[in-house]
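Participant: This is the structure I have questions about; it appears just below.
Computed from the coordinates by the stated procedures, all read-outs in this text should not be read as laboratory data. What you see is a predicted model; the values in this text were computed from it and never measured. Quick reminder, even Gly has a Cβ in these numbers, built from the backbone with ideal geometry, and neighbours come from all protein chains shown.
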Amino acid sequence: MRYLIVTDIHGNSTALETVLERAAEEPFDHILVLGDLVGYGAGPNEVVEIVRRFELPAHVIRGNHDKVVARLDDSAGFNRVAQAAVEWTIGALSEENLEYVRRLPRGPVEVEPGVSICHGSPLDEDQYLLSTDQAQRVFESDPSRVSFFGHTHIPTLFSGDARSADVRILEPEEGEIELDPEIYYLINPGSVGQPRDRDPRAAYMIFDSERSSARLYRVDYPLEEAQRKIVDAGLPPVLAQRLSVGI
């Protein structure tokens, strides 16, 4: 099975459309969306409608921004800009699309034996998975050999087992990454709509479960168009500015 994996779209429909167009240049069978469809960007309705119209089978789970917009959680942990984006998004979403976001399942979700998806961590959907200590605790507790996660917006690969873990930041120049069947992995494909690794290009991943391999891709998209939409919508200008520097 070949999976297209996207996460942290954050209402950036311009980036999502470009990613889907580029990904379609090679075959895949299934789509995995690891949460945060909305928040920050000016196209929450467009993003939700694109996801709802996927023609291929898909697993879609919720992220923390999805929960807050759906009033399933509060925004106490959000900064002022994120809170402003939440309130704008709630007002912008159609009732039908808001209900879709509200009904998104929480992770982790197993997509096939040994392969699962989550937003933050398999142990806590809101946790920022940043350290090898955190990864090792997951490897001790989670039975999935390969778990894909989002939330940090940084393409990352943790590998190891219950005794130790390593981490590295992923670059598209690495090409295809072969996954050892004797090792456990936590893999973040980076963000479609708001990268935070100082690379403004949209990120996505293709995972081939039969070949046990993964590959990260980065693509340029009409960034100025996405920025203009944010400004025209009356959202905080910093949300447009940060797109050009990937932070």
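Participant: Computed over the Cα atoms, what is the radius of gyration of segment 113-247 divided by 2.2 N^0.38 Å, N being its residue count?
Facilitator: For segment 113-247, the normalised Cα radius of gyration comes out at 1.14.
Participant: Please name whichever of Val60, Leu186, Ile9 sits farthest to the positive end of the charge dipole of segment 2-244, dipole taken about the Cα centre and charges placed at Cβ: Lys and Arg +1, Asp and Glu -1.
Facilitator: Ile9
Participant: Okay, next question. May I ask for the distance between the Cα centers of segment 191-240 and segment 1-26, given as a whole number of Å?
Facilitator: Each part's Cα centre sits 9 Å from the other's.
Participant: Okay, next question. If you take all C-alpha pairs in segment 73-167, what percent of them are over 15 Å apart?
Facilitator: Summing the P(r) of segment 73-167 above 15 Å gives 68 percent of all pairs.
Participant: Which value in Å does the Kirkwood hydrodynamic radius of the chain take, with 1/r averaged over all unlike C-alpha pairs and then inverted?
Facilitator: Hydrodynamic radius (Kirkwood, Cα only) of the chain equals 17.8 Å.
Participant: How high is the FRET efficiency from Glu96 to Arg163, r the C-beta distance, R0 51 Å, rounded to 0.05?
Facilitator: After rounding to 0.05, the efficiency reads 0.55.
Participant: I need the calculated FRET efficiency for the pair Ile247 and Arg2, taking r as the beta carbon distance and R₀ as 22 Å, to the nearest 0.05.
Facilitator: Calculated value: 0.10.
Participant: Given Ala165, Phe78, Ala202, which one lies farthest toward the positive end of the charge dipole of the chain, if we put +1 on the Cβ of every Lys and Arg and -1 on the Cβ of every Asp and Glu?
Facilitator: Of the listed residues, the answer is Phe78.
Participant: Please work out whether segment 1-87 counts as rounded, prolate or oblate from its C-alpha gyration tensor, where a ≥ b ≥ c are the square roots of the eigenvalues and a/c under 1.5 means rounded, while otherwise a/b larger than b/c means prolate and anything else oblate?
Facilitator: The shape class here is prolate.
Participant: Could you give the nm distance between label points at Val231 and Glu25, where each point is 7 Å from its Cα heading toward the beta carbon?
Facilitator: Reported label-point gap for Val231 and Glu25 is 3.0 nm.
Participant: Taking 0.36 nm per residue of sequence separation and subtracting the Cα-Cα distance, how much length would be gained by fully extending the chain between Ser213 and Asp126, in nm to one decimal?
Facilitator: 28.6 nm
Participant: Let me know the volume per residue of the alpha-carbon convex hull for segment 167-228, in Å³.
Facilitator: 91 Å³
Participant: A further question follows. For the chain, what is the mean residue ellipticity at 222 nm derived from helices alone (per DSSP H run of n ≥ 4: -39500 (n - 2.57); sum divided by total residues; nearest 500 deg cm²/dmol)?
Facilitator: After summing the helix terms and dividing by the residues of the chain, the value is -8000 deg cm²/dmol.
Participant: Okay, moving on. Quick one: compute the contact order of segment 96-193, relative version, from alpha carbon pairs under 8 angstrom and 6+ residues apart, as a percent.
Facilitator: 25 percent
Participant: Can you tell me the dipole magnitude for the chain around its Cα centre, using point charges on the Cβ only (Lys, Arg +1; Asp, Glu -1), in Debye to the nearest 20?
Facilitator: It works out to roughly 640 debye.
Participant: Determine, for each peptide in 53-62, 212-221, the mean count of other beta carbons within 10 angstrom over its residues, then list the peptides with the highest first.
Facilitator: 212-221, 53-62
Participant: Ranked highest first by the average count of other Cβ atoms within 10 Å around their residues, in what order do 172-181, 136-145 fall?
Facilitator: With the highest mean Cβ count within 10 Å placed first, the list reads 136-145, 172-181.
Participant: Follow-up question, since we're still on this one. How large is ³J(HN,Hα), in whole Hz, for each residue of segment 186-196 in order, when computed from phi with the Karplus curve 6.51 cos²θ - 1.76 cosθ + 1.60 and θ = phi - 60°, using x for Gly and Pro?
Facilitator: 10, 10, 10, x, x, 9, 6, x, 7, x, 10
Participant: Give, in nm to one decimal, the length gained when the segment between Asp133 and Asp180 is fully stretched (0.36 nm per residue of separation minus the Cα-Cα distance).
Facilitator: Once the chain is fully extended between Asp133 and Asp180, it gains 14.9 nm.
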